[in-house]
Amino acid sequence: MAGIYIHIPFCKQACHYCDFHFSTSLTYKHELLQALLKEIELQKSFLKGENIETIYFGGGTPSLLTGDEINGLIGAITDSYTVSTDAEITLEANPDDLCAEKLKALRQTPINRFSIGIQSFFDDDLQWMNRVHHASEAETSVKRAQDTGFENITVDLIYGYPMLTSEKWKANIDNVFDLHVPHISAYSMTVEPRTALASFIKNKKQAPMNEDQSAQQFVQLIEAMESQGFEHYEISNFCKPGHYSRHNTNYWKGVKYLGIGPSAHSFNGETRQWNIANNAKYMQSIDKGVIPAENEVLTETNRLNEYIMTSLRTMWGLKLDKLNTIAVGSSDVLLKSATELFEKEWIQKKSNTIYLTQTGKLYADHIAAELFF
């Protein structure tokens with residue numbers, strides 16, 4: 001079992017908070033897509049014959065692709081890999097791209113899940129973020145997708161930024177509930193280096209993000225989701241029972257995956273590799289038949305820490321038995337280092353599994369770091 005991620009490095013414009021790799025020029029889109037097709041073939045030995053159960057088009061803005069371009073990429077994957085008949089195939093989409101004509105074209109592809117980047121239902125917030133779409137498009141894009149026959153939909157929201165009051169945050173969450181989507185991803189606004197937002201804060205054109213506000217709105221989110229029967233199955237992800245993102249869940253469970261495209265990451269259980277984050281250099285290298293990637297062989301410590309970081313973020317928790325399969329006796333070492341975290345009631349142990357408590361979810365990264373080997 002494995003997944004394939006395809007990075008589409010194009011956007012209409014740059015969101016102020018985004019640090020993902022992309023270009024706002026589509027001049028070389030055709031050439032880049034040809035390179036993706038070639039890399040799919042070049043990389044076919046990385047997963048060592050594993051069946052492909054998920055395919056994920058991320059970016060950037062994959063919804064800039066035509067239906068024919070998507071079919072070409074999926075066709076290349078099926079030519080080089082064994083793809084399950086019930087594979088989850090997700091396309092990240094901006095609301096402004098999901099017009100009736102585009103949705104009709106996407107119905108002629110194997111895409112069966114949308115991740116729609118709504119972020120907010122307020123135009124002033126979207127303008128502050130430098131998003132392309134308007135609030136009205138956020139709602140209509142979801143309804144239009146549902147009317148076209150796409151039911152497996154997740155939407156993204158962002159919280160913890162200065163303009164977002166608790167009242168506006170409640171309205172955003174309630175709007176998503178009204179759309180009857182089965183999955184929601186919600187992220188606290190983070191300030192990444194080399195972004196416009198970081199520059200605005202540095203030059204005092206924008207106030208810094210408020211950690212207390214973010215924590216309060218995270219708790220508000222959790223309570224609202226629980227009231228509507230959503231499972232909080234990963235720190236940033238909520239779903240109706242049975243509607244987990246299979247692709248992302250596999251990341252958190254340590255399943256192998258292959259990343260295709262500039263800046264894409266891959267993991268096969270033993271090594272991790274990441275492609276160069278430069279479109280021109282990526283295309284030049286692929287044209288020569290060389291994958292432009294750096295590679296890291298994972299040490300025992302790497303694998304222990306990665307499992308701690310990913311498993312604690314989920315409702316399935318950290319399995320002490322699994323920790324011992326990576327390194328014999330490691331569970332005893334971890335439990336000893338976790339004493340203070342148990343006393344603070346940030347984590348709890350049930351049977352042979354460690355979970356974050358509700359309070360602990362506010363400190364997930366810190367807790368993981370405290371338990372690292």
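The values are calculated or read from the model by the stated rules, or taken from the named source; none is laboratory data. Everything numeric in this text was worked out from a predicted model, so none of it was measured. Glycine gets a Cβ as well: all are built from the backbone with ideal geometry, and neighbour counts include every protein chain shown. Just the protein is used for accessible areas: all its heavy atoms, side chains included, with ligands, DNA and RNA removed. Shrake-Rupley method; radii C 1.70, N 1.55, O 1.52, S 1.80 Å.
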The correct count of residues that are within 27 Å of residue 219 (Cα to Cα), hydrophobic (A, V, I, L, M, F, W, C) and either under 23 Å from the mean Cα position of the chain (by Cα) or surrounded by 15 or more Cβ atoms within 10 Å (Cβ to Cβ) (or both) in the stretch 317-371 is 13
What single numbered condition from (1) assigned to a loop (DSSP other than H, G, I, E, B); (2) open to solvent by less than 30 Å² (accessible area, probe 1.4 Å); (3) under 27 Å from residue 171 (Cβ atoms) fails to hold for residue 117? (1)
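Listed here are the residues, each with its yes/no results for (1) under 23 Å from the mean Cα position of the chain (by Cα); (2) at negative phi.
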residue	(1), (2)
137	yes, yes
143	yes, yes
150	yes, yes
160	yes, no
165	no, yes
181	yes, yes
Exactly one of 266, 285 is farther than 23 Å from residue 347 by Cα, in contact with a helix residue (DSSP H, G or I) (Cβ under 9 Å, 6 or more places away or on another chain) and at pLDDT 95 or above, and that one is 285
Tell me which residues, restricted to the stretch 291-319, are assigned to a strand (DSSP E or B) and either at pLDDT below 95 or farther than 14 Å from residue 331 by Cα (or both). 293, 294, 295, 296, 297, 314
Any idea how many residues of the stretch 230-246 are assigned to a loop (DSSP other than H, G, I, E, B) and either in contact with a strand residue (DSSP E or B) (Cβ under 6 Å, 6 or more places away or on another chain) or farther than 21 Å from residue 357 by Cβ (or both)? 8
Can you report the number of residues in the stretch 80-114 which are in a helix (DSSP H, G or I) and either touching a Cys at 6+ places or on another chain (Cβ under 6 Å) or touching a residue at least 12 places away in the same chain (Cβ under 8 Å) (or both)? 10
Inspect all residues belonging to the stretch 164-179 and state whether any of them is among the aromatic types (Phe, Trp, Tyr) and open to solvent by 40 Å² or more (accessible area, probe 1.4 Å). no
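Results for (1) among the β-branched types (Val, Ile, Thr); (2) under 20 Å from residue 20 (Cβ atoms); (3) buried (at least 24 other Cβ atoms within 10 Å of the Cβ), shown as yes or no for each residue.
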{"site": "54", "(1), (2), (3)": "yes, yes, yes"}
{"site": "57", "(1), (2), (3)": "no, yes, yes"}
{"site": "102", "(1), (2), (3)": "no, no, no"}
{"site": "129", "(1), (2), (3)": "no, yes, no"}
Suppose the filter is at pLDDT 95 or above, over 26 Å from residue 56 (Cα atoms) and open to solvent by 20 Å² or more (accessible area, probe 1.4 Å); does residue 231 pass it? no
Counted residues in the stretch 136-178 being of a type outside the set (Ser, Thr, Tyr), in contact (Cβ under 8 Å) with a residue 24 or more places away in the chain, in a helix (DSSP H, G or I) and closer than 15 Å to residue 213 by Cβ come to 4
Sole exception among (1) over 30 Å from residue 161 (Cα atoms); (2) open to solvent by 20 Å² or more (accessible area, probe 1.4 Å); (3) not aliphatic (A, V, I, L, M) for residue 43, by number: (2)
So in the stretch 142-161, with the set limited to residues that are farther than 20 Å from residue 245 by Cβ and among the hydroxyl-bearing types (Ser, Thr, Tyr), which one is surrounded by the fewest Cβ atoms within 10 Å (Cβ to Cβ)? 148
Among the residues of the stretch 216-225, are any in a loop (DSSP other than H, G, I, E, B) and either under 26 Å from residue 135 (Cβ atoms) or under 20 Å from the mean Cα position of the chain (by Cα) (or both)? no
Are any residues in the stretch 191-201 assigned to a helix (DSSP H, G or I) and either at pLDDT below 95 or of a type in the set (Asp, Glu) (or both), and if so, which ones? none
Members of the stretch 8-20 that are buried (at least 17 other Cβ atoms within 10 Å of the Cβ) and farther than 23 Å from residue 209 by Cα: 8, 9, 10, 11
Top-ranked residue of the stretch 120-134 - restricted to ones that are outside any loop (DSSP other than H, G, I, E, B) and out of contact with any strand residue (DSSP E or B) (no Cβ under 9 Å at 6 or more places or on another chain), ranked as nearest to residue 181 (Cα to Cα): 123
